[in-house]
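The values are calculated or read from the model by the stated rules, or taken from the named source; none is laboratory data. Please read all numbers here as calculations on a predicted model, not as lab measurements. Cβ placement follows ideal geometry from the backbone for every residue including glycine, while neighbour counts extend to all protein chains displayed.
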Amino acid sequence: MLKIENLHVQLEEEDKTILKGVDLEVKRGQVHAIMGPNGSGKSTLSYVLAGREGYEVTQGTATLDGADLLGIEPEERAALGLFLAFQYPVEIPGVGNMTFLRTALNAQRKARGEEEINAADFLRVVREKAKSLDIDAEMLKRPINVGFSGGEKKRNEILQMAVLEPKMCILDETDSGLDVDAMKLVADGVNALRAKDRAFLVITHYQRLLDHIRPDVVHIMADGRIVQTGGPELALEVERNGYADILKAVA
Amino acid sequence: MAVPAQKFDLAAEILTALPAPAGEAGWASAARGAAAKRFAAMGAPHRRDEYWKYTDPARLLASQAPVAARISTDETPTFAESEQLRLVFVDGVFDPERSDALALEGCEIQPLAEALRTDIHWARDIFGVLEARSQDAVHRPLAALNTAHATEGFAIRVTGRVKKPVSFIYERRSDAADAFLHHVIRLEAGADLTVIEAGPAASRLSSVMEIDIADGAGFHHVRTQGRDHERLAYTAMFSRLGEKSTFKSFTLTANGRLTRNEQIVEFAGAEAVAHVAGACLGDGDFHHDDTVFITHGAPDCESRQVYKKVLRNGAVGVFQGKILVHSIAQRTDGYQISQGLLLDEDSQFLTKPELEIYADDVKCSHGATCGAVDEEALFYLTSRGVPRGEATDLLVLAFVDEAVAEIEDEELAADVRDQLAGWVARHRT
């Protein structure tokens, strides 16, 4: 589904290379995890895939079901079915959560040539999904992420994911800033979305989240490359011994 | 020629061209004469005057009103859906044929000209009086000129809580015309009135509203200034607030080559509340100036100024907001925010907050910001599938909404939001 080949990326503003040849393929229905030390390029990878400005792709490709991702706008990537759950969801005063979500959903539908959802159906869908994420009506009415706690922001990301029903979900350190209960809630939300035609790329520092969201494949990223790939046991090894041994072994 | 002489020569010239009307009551003629004298003494405003530094008044003073094409739209005029007493003006002249009868429970409504011909009239204590009081602090020659000359407008005395708004609807038929409007409004103790103004009035407008609000009374004002691109406007609202009274005013300005909206608020009684707000949208040849002067002359009053300007393609926004707190005005609560959202690098927002405080126990905060659309927010919205244009619209509307939220009446606020959304969609990149 998601195929990344030899991806090289540098910052636009300064002459600094962040990704130095990333190769990665996530197949339909799979959950992949990317772990790695700070500064290894994990978040950059997620931003480049989603289309954030400020990065320059100097080599390589990234495709979603064969369609080139890197040459199109963020909204077009979303319409193709790509979704990034932000590490730091943005607060947007003055724009209501519901207005935003409905605008986003209908824009995606329109881009795919589908019919727009009407207000009543939309409300029903959102309420139902919000309930399972313990998001109350009051939160839905507020401006996007304004006044939300860290946990509420992350749950709101998962709600957006549940409503937009993307096929390729990237979760960028969704566990950061969450207590155990909140993490469980978020993980349950993600697990509920697991499906045979949907794939996940979970970026995390810790094994903890992977206890809840069981990955099929684990990658270790360091200095802008995937340096090791394995099964769930790789995450356990990181948890026990840190990255030092693995990095030494591949050096 | 030196600037000062030019100012006075021009003032004299203008007064000759705009004589005071004949046949008015003695008190009215006296008020006209005093206003003409004030204008002559102050001289015509000039770019070198401190309060006209950012806005050149030359086009407001030119001998001819400019040609301004009337915008043709198939939209329902603003606020047309809500229940109201409709008073229609065409090119600044009241049209009784197309207006409702001047009858509204809790309120006496009379054309200004009629009031000024009446020997004993309540308007005597307000007409030109509130305007003149404000001249000590800052010269407002264009308001004095309006008092000296304007005959169109209404004198409204409110004695009760009026259920539906009085709506001034300003239509245009001529491509080039001057309009001078002057409304005088008196709210007796405990009375309450909402006034709506909608439309551009003329290719060049001078409008003054004097509002005297007695103890415990409330005055609400919502205005949209039309969408004609080439029109010019100078407006000034003078309000005097009694104890525990309320004054709230909101203005939406979309388009217009030159607009100067002044708000002059005086707290005369304790525990009164005044909120003035404005949102403006300008694209291209657009210059919009909000000039506010709030005088806290009584203790425990609350004033709030919320001004938002969205500017693109070289549009210019100006804000001059002053809070003067006299030593008697202890426990004043003053808030002021002025913000410009620049949609490109060609536009300008010039803002000048001024605080002059003589009381020692006050809470006054002010903020002025100027910036572009937040790229982080834009990426967040587009990453969810909202196209960049629509995402920008959402952020622009969110930006102005703090000002729109000052409108208490939800129906009127919704109408303003529709206007904003329409403009923003039409002017998308």
Inset, instruction - Kindly establish whether residue B:320 is touching a residue at least 40 places away in the same chain (Cβ under 8 Å), in a strand (DSSP E or B) and either surrounded by fewer than 20 Cβ atoms within 10 Å (Cβ to Cβ) or under 14 Å from the mean Cα position of the chain (by Cα) (or both). - result: yes
Legend entry - Breaking point among (1) assigned to a helix (DSSP H, G or I); (2) within 24 Å of the chain's Cα centre (by Cα); (3) over 28 Å from residue B:195 (Cβ atoms), for residue B:34: (3)
Inset, instruction - Please indicate, with yes or no, whether at least one residue in segment A:141-149 is within 29 Å of residue A:56 (Cα to Cα), in contact with a Gly (Cβ under 9 Å, 6 or more places away or on another chain) and surrounded by fewer than 19 Cβ atoms within 10 Å (Cβ to Cβ). - result: no
Legend entry - Extreme residue, farthest from the other protein chains (Cβ to nearest Cβ), among residues of segment B:351-376 that are over 30 Å from residue B:330 (Cα atoms) and touching a Leu at 6+ places or on another chain (Cβ under 9 Å): B:370
Legend entry - Answer from B:187, B:232, B:193 - the residue that is touching a Lys or Arg at 6+ places or on another chain (Cβ under 7 Å) and touching a residue at least 12 places away in the same chain (Cβ under 8 Å): B:232
Inset, instruction - Report the residue count in segment A:132-183 for those that are over 18 Å from residue A:201 (Cα atoms) and either touching a Cys at 6+ places or on another chain (Cβ under 8 Å) or part of a helix (DSSP H, G or I) (or both). - result: 15
Legend entry - Residue satisfying condition, being over 15 Å from the mean Cα position of the chain (by Cα) and in contact (Cβ under 8 Å) with a residue 60 or more places away in the chain, within set A:23, A:15, A:68: A:23
Inset, instruction - Output the residues belonging to segment B:95-112 that are surrounded by fewer than 20 Cβ atoms within 10 Å (Cβ to Cβ) and closer than 21 Å to residue B:146 by Cα. - result: B:95, B:109, B:110, B:111
Inset, instruction - Scan segment B:287-315 for residues that are over 14 Å from the mean Cα position of the chain (by Cα), without any contact (Cβ under 8 Å) to a residue 40 or more places away in the chain and crowded, with 21+ Cβ neighbours inside 10 Å and jot them down. - result: B:303, B:311, B:315
Legend entry - Residue count for segment A:41-95, restricted to those that are part of a strand (DSSP E or B), within 12 Å of chain B (Cβ to nearest Cβ) and among the β-branched types (Val, Ile, Thr): 2
Inset, instruction - May I ask you to list the residues in segment B:377-411 that are assigned to a helix (DSSP H, G or I), among the β-branched types (Val, Ile, Thr) and more than 7 Å from chain A (Cβ to nearest Cβ)? - result: B:392, B:396, B:400, B:404
Legend entry - Within segment B:347-372, tally of residues that are surrounded by fewer than 17 Cβ atoms within 10 Å (Cβ to Cβ) and either touching a Cys at 6+ places or on another chain (Cβ under 8 Å) or assigned to a loop (DSSP other than H, G, I, E, B) (or both): 7
Legend entry - Flag if residue A:122 is in a helix (DSSP H, G or I) and at the interface with another protein chain (Cβ under 9 Å from one of its Cβ atoms): no
Legend entry - Evaluation of residue B:426 against (1) over 23 Å from residue B:219 (Cβ atoms); (2) at the interface with chain A (Cβ under 9 Å from one of its Cβ atoms) (one fails), failing number: (2)
Inset, instruction - Scan segment A:156-186 for residues that are surrounded by fewer than 23 Cβ atoms within 10 Å (Cβ to Cβ) and away from every other protein chain (no Cβ under 14 Å) and jot them down. - result: A:173, A:175, A:176, A:177, A:178, A:179, A:180, A:181, A:182, A:183, A:184, A:185
Inset, instruction - Output the helices (runs of 4 or more DSSP H) that fall wholly within segment B:51-148 and possess 2 or more residues being within 30 Å of residue B:353 (Cα to Cα) and modelled with pLDDT of 95 or more, or say none. - result: B:58-61, B:129-134
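Residues are listed down the side, and each one gets a yes or a no for (1) touching a Phe, Trp or Tyr at 6+ places or on another chain (Cβ under 7 Å); (2) crowded, with 22+ Cβ neighbours inside 10 Å:
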residue: B:122; (1), (2): no, no
residue: B:125; (1), (2): no, no
residue: B:145; (1), (2): yes, yes
residue: B:161; (1), (2): no, no
residue: B:174; (1), (2): no, no
residue: B:179; (1), (2): no, yes
Inset, instruction - State yes or no: is residue B:386 in contact with a strand residue (DSSP E or B) (Cβ under 7 Å, 6 or more places away or on another chain) and surrounded by 15 or more Cβ atoms within 10 Å (Cβ to Cβ)? - result: no
Inset, instruction - Restricting attention to segment B:412-429, report how many residues are of a type in the set (D, E, K, R) and exposed (fewer than 12 other Cβ atoms within 10 Å of the Cβ). - result: 1
Inset, instruction - Could you please tell me which pairs satisfy a Cβ distance under 6 Å, a separation of 6+ or placement on different chains, a first residue in segment B:50-68 that is more than 23 Å from residue B:226 (Cβ to Cβ), and a second residue that is modelled with pLDDT under 95? - result: B:51/B:138
Legend entry - Within segment B:241-291, tally of residues that are in contact with an Asp or Glu (Cβ under 9 Å, 6 or more places away or on another chain) and outside any strand (DSSP E or B): 13
Inset, instruction - Report, by residue number, each residue of segment A:92-101 that is out of contact with any strand residue (DSSP E or B) (no Cβ under 7 Å at 6 or more places or on another chain) and either buried (at least 20 other Cβ atoms within 10 Å of the Cβ) or closer than 14 Å to residue B:378 by Cβ (or both). - result: A:101
